[in-house]
1. Which residues, counting only those in segment 14-37, are touching a helix residue (DSSP H, G or I) at 6+ places or on another chain (Cβ under 6 Å), in contact (Cβ under 8 Å) with a residue 60 or more places away in the chain and of a type in the set (A, V, I, L, M, F, W, C)?
2. Considering (1) surrounded by 13 or more Cβ atoms within 10 Å (Cβ to Cβ); (2) under 27 Å from Leu19 (Cα atoms), say which one Asp168 fails and leave the rest.
3. What are the residues in segment 11-35 that are within 16 Å of Arg59 (Cα to Cα) and among the β-branched types (Val, Ile, Thr), if any?
4. Could you list, in sequence order, all residues of segment 123-156 that are exposed (fewer than 15 other Cβ atoms within 10 Å of the Cβ), not in a helix (DSSP H, G or I) and not basic (Lys, Arg)?
5. Has segment 76-91 got at least one residue that is outside any helix (DSSP H, G or I) and either at pLDDT 85 or above or hydroxyl-bearing (Ser, Thr, Tyr) (or both)?
Amino acid sequence: MKDVDLRVKRTHKLLSESLVSLMIEKPFEKISVVDICERAMVHRATFYAHFEDKYQLLRYCMSSFEKPFDKEYPTSHDIEGYKRYYISVATDIILELEKNKALFKSLIRKNKEESLTANIRYVITDKIKGKLEKCEENSVKLPVPPEFLAHFYSGGAMNILEWWLENDMPVSSEKIIEYLDILIRA
């Protein structure tokens with residue numbers, strides 16, 4: 001794979017940080033490309049050389065949440081192996097949320113718009129669906145179609161994580177992981 005030019009990395013970093021800092025201040029829907037460029041101190045032409053619009057930049061910013069899903073596949077290709085795999089993914093995401101609690105809490109409060117949550121839910125659903133389809137390819141019989149399960153798990157995960165952050169993490173990350181483990185294994 002070809003290395004990305006350092007200037008490109010720097011520009012992506014500046015634009016990403018600008019978008020996140022603006023989302024802490026105001027809802028995503030009220031942020032313009034001009035706002036992002038002014039905060040990043042880059043020209044609009046530079047923005048459009050890297051991203052089609054603010055939604056593509058948002059997806060780029062969210063790509064860090066995709067990393068836990070891209071771990072190696074479980075060595076055990078049975079339903080228990082996949083459940084253990086998802087608990088591992090959930091643990092990584094929960095620990096990341098806990099580490100950056102103030103940021104994520106602010107993002108949720110200021111960005112209740114459907115576009116932000118829809119983008120996050122889309123990423124999670126797509127990743128889960130892909131893994132469940134691999135599960136079926138490995139002859140693991142799922143109780144319902146992968147797409148149905150993916151929507152069910154992503155919706156539940158989003159609601160639990162929003163509740164956890166909005167309520168100042170009323171239970172520990174360990175307890176959330178324990179509860180998810182119980183639910184996934186049920």
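1. Hits for segment 14-37 are Met23, Ile24, Phe28.
2. Tallying (1) surrounded by 13 or more Cβ atoms within 10 Å (Cβ to Cβ); (2) under 27 Å from Leu19 (Cα atoms), Asp168 fails exactly one: (1).
3. Thr11, Val20, Ile31, Val33
4. The answer is Asn138, Ser139, Leu142, Pro143, Val144, Pro145.
5. Within segment 76-91, one or more residues are outside any helix (DSSP H, G or I) and either at pLDDT 85 or above or hydroxyl-bearing (Ser, Thr, Tyr) (or both).
Conditions (1) at pLDDT below 95; (2) charged (D, E, K, R); (3) not in a helix (DSSP H, G or I), marked per residue:
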{"position": "Lys2", "(1), (2), (3)": "yes, yes, yes"}
{"position": "Ser21", "(1), (2), (3)": "yes, no, no"}
{"position": "Ile36", "(1), (2), (3)": "no, no, no"}
{"position": "Phe47", "(1), (2), (3)": "no, no, no"}
{"position": "Gln56", "(1), (2), (3)": "yes, no, no"}
{"position": "Cys61", "(1), (2), (3)": "yes, no, no"}
{"position": "Pro68", "(1), (2), (3)": "yes, no, no"}
{"position": "Pro74", "(1), (2), (3)": "yes, no, yes"}
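The values are calculated or read from the model by the stated rules, or taken from the named source; none is laboratory data. All values reported here derive from a predicted model rather than from experimental measurement. Backbone-built Cβ (ideal geometry, glycine too); neighbour counts: all protein chains shown.
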